[in-house]
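Below is one structure; the comments refer to it alone.
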Amino acid sequence: MNDKLIIFDTTLRDGEQSPGASMTREEKLRIARALERMRVDVIEAGFPVASPGDFEAVQAVANAVKDSTVCALARALPRDIDAAAEAVKGARRARIHTFIATSPVHMQMKLKMTPEQVIEHAVSAVKRARQHTDDVEFSPEDAGRSEIDFLCRVLEAVIAAGARTVNIPDTVGYNLPHQFGALIKTLRERVPNSDQAVFSVHCHNDLGLAVANSLSAVLNGARQVECTINGLGERAGNAALEEIVMAVRTRRDLFICDTGLDTTQIVPSSRLVSGITGFAVQPNKAIVGANAFAHESGIHQDGVLKHRTTYEIMRAEDVGWSANRMVLGKHSGRNAFRTRLQELGVAFDSEEELNDTFQRFKELADKKHEIYDEDLQALVTETNLAAENERIKLVYLRVCSETGETPQAEVTLWVDGAEQRANASGGGPVDASFKAIERMINSGAQLLLYSVNNITSGTDSQGEVTVRLEKGGRVVNGQGADTDIVIASAKAYINALNKILLPTERAHPQAGQPI
């Protein structure tokens, strides 16, 4: 009988730490519901002490999720642990995940603590967390560069203090697969009370080895993997949930464990996270990329037509790729619209929100004959974006672009309740539109990224635009969707401006911990 491999998803916490990937409360709820539909075991909802907004988002996820364990992250500090406990107390199953760094460079340069002080803080944190819940996880940050003898001491102490999951992070993606697997095996053998805790891993992708390291750890006894949808995360990202799950399921000849996930929810969840964060999935991305099951070579096509397994090691349908999707149109009613969104895991907080989204749906249906699930997800995202922090609103946009002439844009905005107009020329219609907007806002932000992706196929497809702005070291993403690319671009730019103009004070979980 196979062991259970626990899937711990940290898209809402570590994934959100990607520059520009910050999510609102409503967006976190949508992703949490998708993860719950996928039957993810543990959802790490965030870092509650980071800000009041983060606390409220974790609290909302804890109150909404019924089937998955909801976890909150806390440094080994009393105020962090108490905030985490308060945020998840409404969950049916709550976990507190506390951590402190254990590598020499982190202890000396960041924490400025001795090894003995680190052990003392770790034990104290676990004991405090156990006052709130029996489900406590401990991580020695930067375990991949920590000294093995010290790691063994720390893990033995925190397990004795009540930690029932011990997570071994390769925080900077430094390890190689054979090395990391051997580390897990050694720790399980050398820590005297290792049988009292589940061993977990959390691998970063700085060398492109996060999935390989995680799988090596599973082969050596780890029974929880921390991962994210699409591999989202700081720097080069985390181990990708979809790759971990499908590797274990596809290679049952090697793995004596399996997950309980509904893998048909993988692709819908991938698209949802991509749409909300603005981080596009590369076409050749394993499992969820548009080309993951595409065959152009004549030899490959011939083989697949004769027998699928000649060139496909898994079925596209098993991970959620399917042509059997409900298509809505201009004649679809409110009930069909609401029902389909409920099936996609979208719930409305009020009738007013439903009416607003339905109105946007009707406007889109007048431009686009068939409305697919991806269009509906984009509509909901746009409604949420419109509902929050709208100091700036697009009222009117007119562009003129013709061969041999400089493109011109005329833009009208509502800015803090007052109407403003501006004209500008530019290298193209999008450039002219952005310059006209900046003449009114004068944000001082730098454009880091401008990206366009089609939401569905066809020339009438909506274009989904992502704009990334930076100001004073703060990076935000803005999204906009429309069948008109220029309008979608203006929406995305304005959405990013609304975010970057908001004052924010947000702590980072890996900031130094005062003694």
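Pairs over the 30 Å Cα-Cα cut-off, from the set LYS66/LYS368; LYS66/LYS185; LYS471/LYS491; LYS330/LYS393: LYS66/LYS368; LYS66/LYS185. Here LEU232, LEU397, LEU241 are placed in order of increasing Cβ neighbour count within 10 Å, fewest first, which gives LEU397, LEU232, LEU241.
Rounded to the nearest 20 debye, the dipole size of region 334-385 about its Cα centre is 200 debye, using +1 on the Cβ of Lys and Arg and -1 on the Cβ of Asp and Glu. Axis angle, to the nearest 10 degrees, between helix 351-367 and the longest C-alpha principal axis of the chain: 60 degrees.
Seen against the Cα atoms of the chain and their longest principal axis, helix 241-250 is set at about 60 degrees. Pair-distance distribution P(r) for region 3-277, from all Cα-Cα distances in 5 Å bins starting at 0: 1, 6, 14, 18, 21, 19, 13, 6, 2, 0 percent. Measuring from centroid to centroid over Cα atoms, what is the spacing of region 422-437 and region 397-421 in Å? Going from one Cα centre to the other spans 7 Å.
Counted over the chain, the DSSP beta bridges are approximately 50% antiparallel.
When the trypsin sites (Lys or Arg not before Pro) in region 187-246 are filtered for DSSP coil states and for at most 13 other beta-carbon atoms within 10 Å of their beta-carbon, the remaining sites are ARG235. Ordering TYR372, LEU354, GLN342 by Cα displacement along the dipole of region 334-385 toward the positive end leaves TYR372 in first place; charges were set at the Cβ atoms of Lys, Arg (+1) and Asp, Glu (-1). Using only alpha carbons, region 93-242 has a radius of gyration to Kirkwood radius ratio (Rg to Rh) of 0.95. Summing Cβ point charges (Lys, Arg +1; Asp, Glu -1) relative to the Cα centre of region 399-463 gives a dipole of roughly 160 debye. Helices in the chain, meaning DSSP H runs of at least 4 residues, each add -39500 (n - 2.57). Divided by all residues, the mean residue ellipticity at 222 nm is -12000 deg cm²/dmol. In a DSSP loop and with at most 16 other Cβ atoms within 10 Å, the trypsin sites (Lys or Arg not before Pro) in region 37-71 are ARG39, LYS66. Between the C-alpha center of region 114-184 and that of region 335-360 there is a gap of 44 Å.
For the chain, averaging the sequence separation of C-alpha pairs within contact (under 8 Å, six or more residues apart) and dividing by the residue count gives a relative contact order of 12 percent. Are there any GluC sites (Glu not before Pro) in region 136-230 that are in a DSSP loop and have at most 14 other Cβ atoms within 10 Å? List them by number. Passing both the DSSP loop test and the Cβ count: GLU147. Take every DSSP beta bridge with both residues inside region 3-277 and express the antiparallel ones as a percent of the total, to the nearest 5. In region 3-277, approximately 5 percent of DSSP beta bridges are antiparallel ones.
Think of region 1-135 as a dipole: +1 on every Lys or Arg Cβ, -1 on every Asp or Glu Cβ, centred on the Cα centre; then among ASN63, GLN117, PHE99, ASN63 lies furthest on the positive end.
So which lysines can LYS285 reach, going by Cα to Cα under 24 Å and dropping same-chain residues fewer than 8 places off? Answer for LYS285, where 24 Å is the Cα cut-off: LYS28, listed by chain and number.
Since every read-out is calculated from the coordinates, none of them should be taken as a lab result. In this text the structure is predicted, and so the values were computed from the model without any measurement. Note that each Cβ is placed from the backbone with ideal geometry, even for glycine, and that neighbours are counted across all protein chains shown.
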